[in-house]
1. For Val180, what residues show an amide H to amide H distance below 5 Å, using hydrogens built from the backbone and excluding near sequence neighbours?
2. Show me, for the range 280-286, the HN-Hα J-couplings you get by feeding each phi into the Karplus relation (A = 6.51, B = -1.76, C = 1.60, θ = phi - 60°), rounded to Hz, glycine and proline as x.
3. Per-residue counts of other Cβ atoms within 10 Å, averaged by peptide: what ranking do you get for 149-156, 245-252, 228-235, highest first?
4. Is there a pair in Lys36/Lys332; Lys82/Lys242; Lys36/Lys343; Lys7/Lys176; Lys7/Lys82 whose C-alpha atoms are over 32 Å apart, and which pairs would that be?
5. Placing +1 at every Lys and Arg Cβ and -1 at every Asp and Glu Cβ, with all other atoms neutral, what dipole size does the range 133-201 have around its Cα centre, in debye to the nearest 20?
6. For the pair Glu74 and Val139, what calculated FRET efficiency results from E = 1/(1 + (r/R0)^6), where r is the Cβ-Cβ distance and R0 = 56 Å, to the nearest 0.05?
7. Taking θ as phi - 60°, what are the ³J(HN,Hα) couplings along the range 43-52 by the Karplus curve (6.51, -1.76, 1.60), each to the nearest whole Hz, with x for Gly and Pro?
8. If you roll a 1.4 angstrom probe over the protein chains with everything in place, what fraction of the accessible area of the chain belongs to carbon and sulfur, to the nearest %?
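The values are calculated or read from the model by the stated rules, or taken from the named source; none is laboratory data. This structure is a prediction, so every number in the text was calculated from the model and none was measured. Note that we place each Cβ from the backbone using ideal geometry, even for glycine, and neighbour counts take in every protein chain shown. Ligands, DNA and RNA are stripped out before the accessible areas are found, and what is left, the full protein with its side chains, is counted by its heavy atoms. Shrake-Rupley method; radii C 1.70, N 1.55, O 1.52, S 1.80 Å.
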Amino acid sequence: MEVAGRKYRTVWMEGSSVFMIEQNLLPFEFRILEVKSYAGCCHAITRMTVRGAGAIGAMAGFAMALAFREAPLENFLRYINKAREEIEATRPTARNLFYATERVFNAGLHSREAAYEEARLIADNDADDSRRIGEIGNVLIPHGARVETHCNAGWLAFVDYGTALSPVYVARERGKEVFVYVDETRPRSQGARLTAWELNNAGIPHVIIPDNAGAHLMSLGKIDLVITGADRIAANGDTANKIGTLEKAIAAKEYNIPFYIAAPTSTIDLTCRSGSDIIIEERSPDEVLYQEGPDDNGVTRKILVCSPGSAALNPAFDVTPAKFITGIITEKGLIRPGEDTIKNLLTI
Ligand code: MRU
């Protein structure tokens, strides 16, 4: 996507360096970071410099490729296995991370070059899949539609285009009017900070709403459809996504509003039979208790916004049962979620 007239991907590799957009600084500053080691890639994922299912997957693939480059000849496999464990420990819920480490690990057993090639291919596929999701999802967006989205499943969350926002971008390219209700997505505010920044950058009309406003707006008939991303989709269609997604889906069902998940098939995990098999990442209570942003001098400040001394609980994701999901938009097509439809999709 373009920022200030220049094309960027969220994360990319040049030689033995991995470059990425520093997402913690957005929307206040646009900065590119460079790391040169697998440990640096891990740090970028745990710090959420790079976040979002597809971008994490691409980063994990690059990290694995760098590990093959760094591994000493003696203890080669021990080094690689340890690196893989460390990469996979960075974010447990994002399926794409594990998908990428496995693919690059297997390729790297042939040669270091093969590991690099595979990592590049994963990133390219992620961008292509996202674009295709946009084409397929565009059909679901009528002219003048008002779309609600949760968290950030735009191009910052993938290598390019995004998933939930990709149909919106394509609809706009095709000349449709689209308005987006952006859930702020506490505690880290990926909606208010990242989705809103993306939409501003693309000139798409939108408004940020408090996380608890969705059902109210649905009850007033102000929302035509909901599209969110996914971090992991179980074999039966149950879907893990950013915390707060479940209640949007339940409310949408109550008000007969279509609720779509947009995700590449690389997010599907057949080893999870249902949502109860998905491990939910729990993050630091500080993300709930404090908010961060620049002061008048541009210096980032962290301030307490809760009752001093109170504890906080911070589950990062929830699972929406398949029965609340109208359809899953993938690069291979739109399906109704269910064991058979998902199995069939993966054979295409
Ligand atoms: O914790 P994050 O920001 O990495 O959250 C993941 C997400 O971006 C969302 O859950 C998103 O909707 C999934 S698709 C990228």
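1. Distant-sequence amide H within range of Val180: Val147, His206, Val207.
2. Ordered by residue, 3J(HN,Hα) equals 9, 5, 10, 10, 4, x, 4 Hz.
3. Details: 149-156: 29.5, 245-252: 21.8, 228-235: 27.2.
So the order, starting with the most tightly packed, is 149-156, 228-235, 245-252.
4. Working: Lys36/Lys332 34 Å; Lys82/Lys242 29 Å; Lys36/Lys343 39 Å; Lys7/Lys176 23 Å; Lys7/Lys82 35 Å.
Listed pairs above 32 Å: Lys36/Lys332; Lys36/Lys343; Lys7/Lys82.
5. On the way: 7 positive and 8 negative charges, 24 e Å.
Computed charge dipole of the range 133-201: roughly 120 debye.
6. Numbers: r = 56 Å, r/R0 = 1.00.
Taking R0 as 56 Å, the efficiency between Val139 and Glu74 is 0.50.
7. With the stated coefficients, the range 43-52 comes to 4, 5, 6, 5, 7, 6, 5, 10, 8, x Hz.
8. Numbers: 7510 of 14830 Å².
The computed percentage sits at 51.
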